[in-house]
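Working notes, structure below.
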Amino acid sequence: MFGLWVVHPIKGRTAYVIPAEHASRPVGCHTEPAIDLATYAQEICSVSCPDRHRSAKEMRAYARLIATAPELLDALQPFVAHNSDAETITIIVRAADVKRARAAIAKATGEQQ
(Lines give C-alpha, C1' and ligand atoms only; values in the text may rest on other atoms or scores of the structure.)
Protein backbone atom coordinates (compact mmCIF):
# COMPACT_ATOMS: atom_id res chain seq x y z
CA MET A 1 0.00 0.00 0.00
CA PHE A 2 2.61 2.56 1.07
CA GLY A 3 5.86 0.82 0.17
CA LEU A 4 8.90 0.79 2.42
CA TRP A 5 10.09 4.04 3.96
CA VAL A 6 13.50 4.79 5.47
CA VAL A 7 15.28 7.66 7.17
CA HIS A 8 17.76 9.19 4.71
CA PRO A 9 21.34 8.52 5.84
CA ILE A 10 22.31 12.22 5.71
CA LYS A 11 23.29 13.55 9.14
CA GLY A 12 22.34 16.96 10.42
CA ARG A 13 19.62 18.91 12.19
CA THR A 14 16.88 17.49 9.94
CA ALA A 15 15.99 13.84 9.29
CA TYR A 16 14.21 13.05 6.04
CA VAL A 17 11.76 10.15 5.68
CA ILE A 18 11.89 8.94 2.08
CA PRO A 19 10.85 5.94 -0.01
CA ALA A 20 13.38 3.12 0.49
CA GLU A 21 14.16 3.01 -3.21
CA HIS A 22 15.44 6.63 -2.99
CA ALA A 23 17.97 5.93 -0.21
CA SER A 24 20.97 6.33 -2.51
CA ARG A 25 19.75 9.67 -3.91
CA PRO A 26 20.72 13.05 -2.44
CA VAL A 27 18.19 15.17 -0.59
CA GLY A 28 17.35 18.28 -2.56
CA CYS A 29 15.17 19.55 -5.34
CA HIS A 30 15.21 20.94 -8.84
CA THR A 31 12.83 23.43 -10.40
CA GLU A 32 12.30 21.09 -13.36
CA PRO A 33 9.89 18.35 -12.16
CA ALA A 34 11.30 15.61 -14.40
CA ILE A 35 14.85 16.21 -13.15
CA ASP A 36 13.63 16.48 -9.57
CA LEU A 37 11.77 13.14 -9.71
CA ALA A 38 14.64 11.34 -11.42
CA THR A 39 17.52 12.74 -9.36
CA TYR A 40 16.53 13.57 -5.79
CA ALA A 41 15.03 11.64 -2.87
CA GLN A 42 11.33 12.49 -2.72
CA GLU A 43 10.51 13.45 0.88
CA ILE A 44 7.56 11.89 2.64
CA CYS A 45 8.25 14.18 5.58
CA SER A 46 11.08 15.76 7.50
CA VAL A 47 11.70 15.95 11.23
CA SER A 48 13.90 18.73 12.54
CA CYS A 49 15.30 20.01 15.83
CA PRO A 50 13.89 23.53 16.14
CA ASP A 51 15.18 24.09 19.65
CA ARG A 52 18.12 23.24 21.83
CA HIS A 53 16.04 20.92 24.03
CA ARG A 54 15.64 18.23 21.38
CA SER A 55 18.70 16.19 20.46
CA ALA A 56 19.57 14.88 17.03
CA LYS A 57 19.26 11.37 18.48
CA GLU A 58 15.66 12.06 19.56
CA MET A 59 14.86 13.62 16.19
CA ARG A 60 16.14 10.55 14.33
CA ALA A 61 14.11 8.30 16.66
CA TYR A 62 10.93 10.17 15.70
CA ALA A 63 11.85 9.94 12.02
CA ARG A 64 12.53 6.20 12.39
CA LEU A 65 9.10 5.69 13.96
CA ILE A 66 7.42 7.60 11.11
CA ALA A 67 9.42 5.66 8.50
CA THR A 68 8.32 2.37 10.06
CA ALA A 69 4.61 3.28 10.23
CA PRO A 70 3.60 1.37 7.05
CA GLU A 71 5.41 -1.77 8.25
CA LEU A 72 3.88 -1.49 11.73
CA LEU A 73 0.42 -1.14 10.21
CA ASP A 74 1.01 -4.14 7.96
CA ALA A 75 2.32 -6.19 10.88
CA LEU A 76 -0.65 -5.37 13.13
CA GLN A 77 -3.45 -6.04 10.66
CA PRO A 78 -3.40 -9.86 11.03
CA PHE A 79 -3.95 -9.46 14.79
CA VAL A 80 -7.21 -7.57 14.33
CA ALA A 81 -8.42 -9.22 11.12
CA HIS A 82 -11.08 -11.21 12.97
CA ASN A 83 -12.94 -8.36 14.60
CA SER A 84 -15.46 -9.20 17.27
CA ASP A 85 -17.73 -7.25 19.58
CA ALA A 86 -17.10 -9.73 22.38
CA GLU A 87 -15.16 -8.60 25.45
CA THR A 88 -12.74 -11.51 25.16
CA ILE A 89 -11.31 -12.64 21.85
CA THR A 90 -9.29 -15.77 21.28
CA ILE A 91 -7.18 -15.74 18.14
CA ILE A 92 -4.63 -18.03 16.59
CA VAL A 93 -1.50 -16.13 15.64
CA ARG A 94 0.81 -17.40 12.95
CA ALA A 95 4.52 -17.43 13.79
CA ALA A 96 5.23 -15.50 10.57
CA ASP A 97 2.92 -12.68 11.71
CA VAL A 98 4.68 -12.46 15.09
CA LYS A 99 8.08 -12.45 13.36
CA ARG A 100 6.97 -9.62 11.03
CA ALA A 101 5.61 -7.62 14.00
CA ARG A 102 8.83 -8.07 15.96
CA ALA A 103 10.92 -6.99 12.96
CA ALA A 104 8.83 -3.83 12.50
CA ILE A 105 9.11 -2.98 16.20
CA ALA A 106 12.87 -3.53 16.13
CA LYS A 107 13.21 -1.22 13.12
CA ALA A 108 11.02 1.46 14.77
CA THR A 109 13.05 1.37 17.98
CA GLY A 110 16.42 1.34 16.23
CA GLU A 111 17.38 -2.15 17.34
CA GLN A 112 17.61 -3.17 13.69
CA GLN A 113 18.99 -1.05 10.87
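The values are calculated or read from the model by the stated rules, or taken from the named source; none is laboratory data. Every value quoted in this text rests on a predicted model; they were computed, and no experiment measured them. Note that we place each Cβ from the backbone using ideal geometry, even for glycine, and neighbour counts take in every protein chain shown.
The table below lists the values:
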read-out: Some residue of the stretch 62-80 being modelled with pLDDT of 80 or more, in contact with a Leu (Cβ under 8 Å, 6 or more places away or on another chain), surrounded by 14 or more Cβ atoms within 10 Å (Cβ to Cβ) and assigned to a helix (DSSP H, G or I); value: yes
read-out: Cβ-Cβ under 6 Å pairs, at least 6 apart or on other chains, the stretch 1-14 side on the phi < 0 side of the Ramachandran plot and assigned to a loop (DSSP other than H, G, I, E, B), far side surrounded by 11 or more Cβ atoms within 10 Å (Cβ to Cβ) and at pLDDT below 75; value: 13/49
read-out: Count of the stretch 7-18 residues which are in contact with an Asp or Glu (Cβ under 9 Å, 6 or more places away or on another chain) and over 15 Å from residue 49 (Cα atoms); value: 2
read-out: Scan of the stretch 15-41 for residues that are in contact (Cβ under 8 Å) with a residue 12 or more places away in the chain and out of contact with any His (no Cβ under 6 Å at 6 or more places or on another chain), ordered by number; value: 15, 17, 19, 20, 21, 22, 23, 25, 26, 28, 39, 40
read-out: Residue match in the stretch 26-43 (condition: in contact with a Phe, Trp or Tyr (Cβ under 6 Å, 6 or more places away or on another chain) and within 30 Å of residue 102 (Cβ to Cβ)); value: yes
read-out: Residue tally, condition crowded, with 16+ Cβ neighbours inside 10 Å, over 18 Å from residue 6 (Cβ atoms) and either β-branched (Val, Ile, Thr) or at pLDDT 90 or above (or both), over the stretch 25-61; value: 0
read-out: In the stretch 26-53, the residues that are in a loop (DSSP other than H, G, I, E, B) and farther than 25 Å from residue 72 by Cα; value: 26, 28, 29, 30, 31, 32, 40, 50, 51, 52, 53
